[in-house]
Each structure stands twice: as structure tokens, then as C-alpha cells.
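The values are calculated or read from the model by the stated rules, or taken from the named source; none is laboratory data. Note that the coordinates shown come from a computational prediction; the quantities given were computed from them, not determined experimentally. With ideal geometry, Cβ positions are generated from the backbone for all residues, glycine too; neighbour counts draw on all protein chains shown.
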Amino acid sequence: MAKPKVRALLTALGKDPRPVTHELLDELPEDKTLNYLRGLLMATGALPTRDQCLTNLERWINEKLATRTDLEDRRVLHGYAIWHHLRRLRQRVRAQQLTVDQDQNVRIHVNAAVQFLDDLAGRGTPLVACTQSDVDDFMAHRATYPQRTAHFVRWAVTHRHAHNLTAPATRWAGPSGPHDEDRRWDVARRLLHEDAAPTADRVAGLLLLLYAQHVNTIRHLTVDHVQRDGDTPKILLGDRPIVLPAPLDALVEELIASRRGHTLVDAPGTWLFPGRLPGQPLSSDQLVIRLGALDVNPRQDRATALFTLAAQVPAAILARMLGIHRSVAVQWQQASGGDWAAYAADVAARPVRNRPAT
């Protein structure tokens, strides 16, 4: 309340005769103070919950469209941004919240399309008359995001906004090394058995090191992802729960019991890793910083974990257990040299347990 921006915001809202709604807050300039107040009102039930990140992305796209003076360019960009990217994004997230990576991915794709259309407009060339030399020249000399521009060109050709153009997709060349498995286990053992670091940071690091979970996946975990089968604690990362081995199970139970909010309402909600914004999980940037303090490199250590797991477990099982796309699991299995035959032979060699009569 002592901060000038907070006082100014609350004074402005107090003088407005209309009830405080999301629509009213949307009329105000977007900043950290407004985001915090909105989060506080949603966390306490004064406002209905909504994905503010998705709302901000929708607003940003509409602003981009409004700046297009050429009606044909606006129609093309509308189809690419809203009917292609935004529609697919809504289907993908569904009841979940939009992640920072998903938000940035759409923005970069749209910016790449805008840059290409602006370049064509600057030379007086409409998209429908664009030639292969126009594409090659732009990609070679002026494209800020060549891969995203290529995606827009392929989309435009598919939807007949352009003709006789090619822009090949860049294929994944496989995991980049080095994959230091010894270091991965050294850090994992330290997080499992040394209690110098906060419990939340240890659990987050172990989920990344042992189960190859992405930072954005970890930060969006809730207490509902932790299940119990009798006395056996499990965690749901994909569509099948995974048994939490000791002592990781005790750390997860401790995290659930000790977690607390960092805001005025001091309510962590259902998040395993509550953040500083009311009703929101810990930000990906903050989680990366905290993992770095534990000597965990999210990108490289996750790649090492995926590389190792893919060599030991079939892609279909890996996808179901870890919550990654099946095609991604197949790519990692091929890169790691793992195959189904070795796994099937190992399963066949295991002793058969006598099942109790039913």
C-alpha cells in the first residue's frame, strides 16, 4: 500500500463506478502491479480464474493484425496466427495453463511472418506473386528467424496464398553432447541425501535428473499429480503414474506438507511449486536460477536423462510414463541406440511370478 503505483491503481479503481471485472482491468495499462492485483483477486475468488498469459497473447495477436494496412496481408496473417497457431495452441493446453515457451513460440512465428510480409511489401510484391528467388534472398540476408519464416512459407503454399515455393524444414540432428551420466548421478545423489538445499529445489532437480522433466512441466505440477496406491506414493507425469522410490517419496511428501505461498494471502493453492504471483506457480526463469544454484543445467541434464532412459525403455512406454510425445520418444530412442528387441528379450528372461488365484 505504500507504493505509489499500488495507491494510484486502487484509487483509479475506487473512483470507477463499474464493478471490478477482468474486462475493466483489461482497459488499464498492463504492468506488474496490475498483474499482481489481478492474480490476488483470482486467488481469493473475487474474480473468476482465467489464463492471463493466453489472454495477453490473444491481445498481442489482435494488435499485430490491426497494424496491417493491406487487407490481403491482414487476411493471410489472421489465418496463420489465429486459425493455425492459436487454435492449435488452445487444443494443446486445454485445461492447463499456457507455458512461457509456448507463448514465445507463437510470438516468434507470427513476428517471422510479419517480417517476411513487410519485406515483400517494401518491394511492392504481394505474397501471391512471390517467387522462389524472393524467398531465398530474404532467408539468406534479412530473415531474423529463418526456420519460422520457412514454416510460414510452407503454410502459405499449403493454403494457396502462395505458389511454387519451397522452404524445407530443418530436421532434428539428434541430441547434442556431451552426455555426462556420471555427473548426472553425482548431482542426483547429492540432492537425494544432502539436506542443505530447500526441499522444493531438491525435488525439482530430481524430477529433471531422474525423469527428464522439462522445467515448464515441473513448475506446473500440482498436489493432484501425487497419488497414493495404499502405502505406495506415485507421481503422474504422463498418463500412467510412476512409483516414487525412497528417499524421493519422503522428499515429495515433505514438500507437500511444507510448501507455502509467497503473497499476501499466503496460500500456495494446489501448486507443488507456488510462485510470487498470487495463484500462479513459480516462474520458469526463477526455477532455472534455483536449479543452477544446485549445479543442475536444465537443458543439458534433461538431454542426458532422456538419452539414457531412451536407451533402456521402449519409446511407447517412455512417452506414456514421462508425458512426452511419442514421436519425440522415438527420435530419442533412435539417437541413443535403444531398440525394442533388447527390451523384449530382457522382459522374457525375467522369472514369472505366480499370481494368486482369483
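Brief remarks follow.
- Which listed residue is surrounded by 12 or more Cβ atoms within 10 Å (Cβ to Cβ), of a type in the set (Ser, Thr, Tyr) and out of contact with any Cys (no Cβ under 7 Å at 6 or more places or on another chain), from 217, 166: 217
- Residue pairs whose Cβ atoms lie under 9 Å apart, sitting 6 or more positions apart in sequence or on different chains, and linking a residue in the stretch 55-70 that is crowded, with 16+ Cβ neighbours inside 10 Å to a partner that is at pLDDT below 95 and of a type in the set (S, T, N, Q), are 57/102.
A quick yes/no check of all residues on (1) surrounded by fewer than 15 Cβ atoms within 10 Å (Cβ to Cβ); (2) without any contact (Cβ under 8 Å) to a residue 12 or more places away in the chain; (3) in contact with a Phe, Trp or Tyr (Cβ under 8 Å, 6 or more places away or on another chain):
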{"site": "72", "(1), (2), (3)": "yes, no, no"}
{"site": "94", "(1), (2), (3)": "yes, yes, no"}
{"site": "106", "(1), (2), (3)": "no, no, no"}
{"site": "113", "(1), (2), (3)": "no, no, yes"}
{"site": "127", "(1), (2), (3)": "no, no, no"}
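- So residue 242, is it assigned to a strand (DSSP E or B) and either hydroxyl-bearing (Ser, Thr, Tyr) or in contact with a helix residue (DSSP H, G or I) (Cβ under 9 Å, 6 or more places away or on another chain) (or both): yes
- Taking the criterion of being surrounded by 15 or more Cβ atoms within 10 Å (Cβ to Cβ) and either under 22 Å from the mean Cα position of the chain (by Cα) or modelled with pLDDT of 95 or more (or both), the only residue of the stretch 169-182 that qualifies is 175.
- Of all residue pairs spaced 6 or more apart or on separate chains, those with beta-carbon atoms under 9 Å, a first member in the stretch 310-323 that is without any contact (Cβ under 8 Å) to a residue 40 or more places away in the chain and a second member that is assigned to a helix (DSSP H, G or I) and among the basic types (Lys, Arg) are 315/326; 316/326; 318/326.
- The requirement of being surrounded by fewer than 13 Cβ atoms within 10 Å (Cβ to Cβ), touching a helix residue (DSSP H, G or I) at 6+ places or on another chain (Cβ under 9 Å) and over 30 Å from residue 4 (Cβ atoms) is not satisfied by residue 46.
- Residue list for the stretch 183-214, filter: surrounded by fewer than 18 Cβ atoms within 10 Å (Cβ to Cβ) and either in a loop (DSSP other than H, G, I, E, B) or at pLDDT below 90 (or both): 194, 195, 196, 197, 198
- Applying a threshold of 6 Å to beta carbon distances and a minimum spacing of six or more residues, or different chains, the list of pairs starting in the stretch 255-266 at a residue that is under 16 Å from residue 282 (Cα atoms) and at pLDDT 75 or above and ending at one that is of a type outside the set (D, E, K, R) and assigned to a helix (DSSP H, G or I) reads 255/199; 255/200; 255/203; 256/223.
- For residue 303, the test of being among the aliphatic types (A, V, I, L, M), on the phi > 0 side of the Ramachandran plot and in contact (Cβ under 8 Å) with a residue 24 or more places away in the chain is failed.
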